[in-house]
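Attaching a single structure in structure tokens format; questions to follow.
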Amino acid sequence: MNEQAKLVVVGAGLAGLRACEAARRAGHTGPIVLLGEETHLPYDRPPLSKEFLAAEGADVDDPLLRPAAMIYDELDLDVRTGTRAVGLDTIEKTVAVESGYPSRVDHVGYDELVIATGAAARQLPGAEDLTGVLALRTLDDAHAVRLGLDAGANIVVVGAGFIGSEVASAARARGLPVTIVEALDAPLVRSLGVEVGALCSRLHLENGADLRLGVGVAALKPLDGSVPDSHGQRPVGAVELSDGTSLAADLVVVGVGAVPSTAWLRESGVKLHERDGGIVCDETMGVLRDDGSRVEHVWAAGDVAHWDNSLFERTMRLEHWTSAAEQGATAARNALTAPEEWKPYTTVPYFWSDWYDTRLQFVGVPQADEILVQHRSDNKGGTVVLYREADRLVGTLTIGRPDLVMKYRRLIAQRASWSDGVQFGAAAS
Ligand SMILES: Cc1cc2nc3c(=O)[nH]c(=O)nc-3n(C[C@H](O)[C@H](O)[C@H](O)COP(=O)(O)OP(=O)(O)OC[C@H]3O[C@@H](n4cnc5c(N)ncnc54)[C@H](O)[C@@H]3O)c2cc1C
């Protein structure tokens, strides 16, 4: 290990911070520079759509991942917030960064580089001309949504995926009316299947959300009679749907997915995935070029990265907390060790989501030849959904069964057969 190497990490989120922590834990004593576009120290995103929104009235602390003292003193990080990477030169081994007002471009040299720039929320066309139309990706977004909820806003949520559904849950927890607009026939139906879609619809309906399925947003409309503010924006007043309905709204929360933050790498020679522009890595989180060779000394981790997960014999990109944290640590450890010690990153993907009082947890992958729903036979409730690929159990969703999910994760890691998975489920339900 080159203990004096200069490690530069771009992206001061979860994967970026875990990279820095892993480097120090592995005994790295050289300089570590953490570059972050946002003005905040690294914070945790899952609470932003859950308890951060649901807690009414009381002051809620920003969910920082580590206290400032630990970041500066214990980890001894050179954190540069408000600093955006705008280019990468892999020959000179420098990152071009923009910061300050008026902005200035500098170059930060590295010996080893970890890219952990995550993903940015998609927005709806026309949102830029309106106030009150918010995505939920950043702490600033969450503060703005929270303010709207505190004001008792009339809310429309666009997209019944995980983030949209959690926002709706938080609004309902405060007793606010909420309408959810979803273009598909049921929430999550494309990724998790028809049966899960129906269960998720039921959760919304049982908790008093107005769920509009199979309709898209045709237009966002400003409030009648409003005038543009100094930024040329008017307050939102309504959401027009593709079936001609108009929903009055003074807060629209858009949860229609995210795209990897890689625009700054377009000229760098780094291979960007043809589907979504994410960074393509090998199994060690080493970044690749278009010709498939490695970009030396450059690694990636978290929501931004596609990598070869040998446990499932496929390349995947996840937007999950656990893998982002683990990949950050793997990338930094590999960056600071000799090639013969590089470790591949393999995992059974895991995520959770809280809808009303119900926890959904998923392990594995949902691509499936067959989906089997097993309801608990006693009266305690809870559902397990199994996903089969060929003759292997590849994924499991538990709804209200936190006691089972890690057992299924172990089964999937052991490449359990479908029949073993089904039998295990039958015995447990
Ligand atoms: C509201 C919300 C709720 C979630 N809930 C769950 C959950 O319940 N369970 C779960 O498993 N997962 C959840 N997730 C997903 C999880 O939080 C992410 O997978 C994780 O945060 C990814 O970490 P990351 O470090 O890869 O990216 P991020 O956390 O997005 O961090 C990337 C950082 O890089 C910065 N950056 C981007 N571009 C640049 C640039 N050019 N220069 C410098 N800095 C840059 C960004 O500003 C950002 O701070 C949730 C996500 C959100 C948004």
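The values are calculated or read from the model by the stated rules, or taken from the named source; none is laboratory data. The structure displayed is predicted, hence computed values, not measured ones. Here the Cβ is made from the backbone with ideal geometry for all residues, glycine too, and neighbour counts use every protein chain on show. These area figures cover heavy atoms from the full protein model, side chains too; ligands, DNA and RNA do not enter into them. Shrake-Rupley method; radii C 1.70, N 1.55, O 1.52, S 1.80 Å.
Of the residues 72, 101, which single one is in the same structural domain as residue 268 (by TED's automatic domain parsing), in a loop (DSSP other than H, G, I, E, B) and not β-branched (Val, Ile, Thr)?
It is 101.
Here is a follow-up. Evaluate segment 52-64: report whether one residue or more is closer than 30 Å to residue 336 by Cα and assigned by TED's automatic domain parsing to the domain that holds residue 333.
The answer is yes; a qualifying residue exists.
For residue 152, which of the numbered conditions (1) at pLDDT 95 or above; (2) open to solvent by 20 Å² or more (accessible area, probe 1.4 Å); (3) among the small types (Gly, Ala, Ser); (4) part of a loop (DSSP other than H, G, I, E, B) fails to hold?
Among (1) at pLDDT 95 or above; (2) open to solvent by 20 Å² or more (accessible area, probe 1.4 Å); (3) among the small types (Gly, Ala, Ser); (4) part of a loop (DSSP other than H, G, I, E, B), the lone unmet condition for residue 152 is (1).
Give the residues of segment 29-85 that are polar (S, T, N, Q) and surrounded by fewer than 17 Cβ atoms within 10 Å (Cβ to Cβ), sorted by residue number.
Of everything in segment 29-85, those that are polar (S, T, N, Q) and surrounded by fewer than 17 Cβ atoms within 10 Å (Cβ to Cβ) turn out to be 29, 39, 81.
What about residue 342, is it open to solvent by 10 Å² or more (accessible area, probe 1.4 Å), in contact (Cβ under 8 Å) with a residue 12 or more places away in the chain, within 16 Å of the ligand (Cβ to nearest atom) and more than 17 Å from the chain's Cα centre (by Cα)?
Against the criterion (open to solvent by 10 Å² or more (accessible area, probe 1.4 Å), in contact (Cβ under 8 Å) with a residue 12 or more places away in the chain, within 16 Å of the ligand (Cβ to nearest atom) and more than 17 Å from the chain's Cα centre (by Cα)), residue 342 does not qualify.
Can you tell me which residue is surrounded by the most Cβ atoms within 10 Å (Cβ to Cβ) among those in segment 196-224 that are among the hydrophobic types (A, V, I, L, M, F, W, C), touching a residue at least 60 places away in the same chain (Cβ under 8 Å) and farther than 21 Å from residue 130 by Cβ?
Result: 200.
Now a separate question. Within segment 123-140, is there a residue that is over 29 Å from residue 188 (Cβ atoms) and not hydroxyl-bearing (Ser, Thr, Tyr)?
yes
Within segment 359-371, how many residues are modelled with pLDDT of 95 or more and buried (at least 19 other Cβ atoms within 10 Å of the Cβ)?
Total meeting the criteria: 6.
Let me ask something else. Going by the structure shown, is residue 227 open to solvent by 30 Å² or more (accessible area, probe 1.4 Å), of a type in the set (Val, Ile, Thr), assigned to a loop (DSSP other than H, G, I, E, B) and outside the structural domain of residue 387 (by TED's automatic domain parsing)?
Numbers: open to solvent by 30 Å² or more (accessible area, probe 1.4 Å): yes; of a type in the set (Val, Ile, Thr): yes; assigned to a loop (DSSP other than H, G, I, E, B): yes; outside the structural domain of residue 387 (by TED's automatic domain parsing): yes.
So residue 227 passes the test.
Might you check whether a residue that is surrounded by fewer than 17 Cβ atoms within 10 Å (Cβ to Cβ), within 16 Å of the ligand (Cβ to nearest atom) and within 30 Å of residue 394 (Cα to Cα) occurs anywhere in segment 156-179?
No, every residue in segment 156-179 fails to be surrounded by fewer than 17 Cβ atoms within 10 Å (Cβ to Cβ), within 16 Å of the ligand (Cβ to nearest atom) and within 30 Å of residue 394 (Cα to Cα).
Please specify each residue of segment 228-250 satisfying the condition of being in contact with a strand residue (DSSP E or B) (Cβ under 6 Å, 6 or more places away or on another chain) and under 25 Å from residue 37 (Cβ atoms).
Selection gives 233 alone.
Another question, then. For residue 381, are the conditions met, namely being assigned to a loop (DSSP other than H, G, I, E, B), open to solvent by less than 70 Å² (accessible area, probe 1.4 Å) and in contact (Cβ under 8 Å) with a residue 12 or more places away in the chain?
Details: assigned to a loop (DSSP other than H, G, I, E, B): yes; open to solvent by less than 70 Å² (accessible area, probe 1.4 Å): yes; in contact (Cβ under 8 Å) with a residue 12 or more places away in the chain: yes.
Considered against the rule, which asks whether it is assigned to a loop (DSSP other than H, G, I, E, B), open to solvent by less than 70 Å² (accessible area, probe 1.4 Å) and in contact (Cβ under 8 Å) with a residue 12 or more places away in the chain, residue 381 comes out as yes.
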